[in-house]
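Structure first, then comments.
The values are calculated or read from the model by the stated rules, or taken from the named source; none is laboratory data. Treat the numbers as computed from the prediction; the structure is a model and nothing was measured. All Cβ positions, glycine included, derive from the backbone under ideal geometry; neighbour counts span all protein chains shown. SASA here: full protein model, heavy atoms, side chains in, ligands and nucleic acids out. Shrake-Rupley method; radii C 1.70, N 1.55, O 1.52, S 1.80 Å.
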Amino acid sequence: MTEVSSLTGRLLVATPALADPNFDRAVVLLLDHDEEGSLGVVLNRPTPLGVGDVLEPWAGLAGSPQVVFQGGPVSLDSALGLAVVPGEAQEGDPLGWRRVHGAIGLVDLDAPPELLAAELGSLRIFAGYAGWGPGQLEDEVDEGAWYVVESEPGDVYSPDPERLWRAVLRRQRSELAMVATYPDDPSLN
């Protein structure tokens, strides 16, 4: 088996050629990527459901917009919490939080929110996630379904998630910046 270079912490940006409606213009933050597969959350799919409607104790810590995001098509009945803990990596990260990449980490949503309230800079709740089996994501990237780009700290907590796809592409220093102008419906061109 070939060695898989980890893409954890990077963004997958759906190409216009990606035909899966679950990922149309999606921006996915990879939370885990190794030879066993990949797991991430779609950052730009807010739902109308408020965080307080499903996880009331965490509502006060949720960033704006204070809604649940559809993290992907897998396990929509489960929730993942992503939160920023400002500052450099420390040996003693806060109890109830596991660092994923940089200052971003997963929150144990079964823990009492007051345990983390003083530590968290921002929190976003995702229903479900996106997942790929061994080699599946690499095949999709090779087939041109995804652009793989560096994430920036504000991507996870974009106050305007509906515009994140264009914003991420626009900031690229390559021909990818031009893809940001790709029309929603090319047949209307």
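Among the GluC sites (Glu not before Pro) in region 99-157, those placed in a DSSP loop whose Cβ has at most 14 other Cβ atoms within 10 Å are GLU143, GLU150.
Split the accessible area of the chain by element, probe 1.4 Å, and carbon with sulfur accounts for 50%. Around the Cα centre of the chain, unit charges on the Cβ atoms of Lys, Arg, Asp and Glu (plus for the first two, minus for the last two) sum to a dipole of about 720 debye. Legend: Rg and Dmax of region 85-163, from Cα coordinates, 15.5, 45 Å.
What separates the Cα centres of region 86-152 and region 1-47 is a distance of 12 Å. Against the set [x] 8, 22, 21, 15, 11, 9, 7, 4, 2, 0; [y] 9, 35, 39, 16, 1; [z] 9, 36, 36, 16, 3, 0, the structure's computed P(r) over Cα pairs in 10 Å bins from 0, in percent falls on [z].
Averaging the sequence gap over all C-alpha pairs within less than 8 Å and six or more residues apart, then dividing by the number of residues, gives the chain a relative contact order of 27 percent. Each Lys and Arg contributes +1 and each Asp and Glu -1, all at the Cβ; summed about the Cα centre of region 78-172, the dipole is approximately 360 debye. Per residue, the convex hull spanned by the alpha carbons of region 1-63 comes to 133 Å³. When the chain is treated as a GNM with alpha-carbon contacts under 10 Å, the residue of PRO112, PRO46, PRO16 showing the greatest mean-square fluctuation is PRO112. Under the criterion of Cα pairs below 8 Å and six or more residues apart, the relative contact order for region 55-111 equals 30 percent.
Considering every alpha-carbon pair of region 41-143, the percent of pairs per 5 Å bin, from zero through the bin containing the longest distance, is 3, 12, 22, 22, 18, 11, 8, 4, 1, 0.
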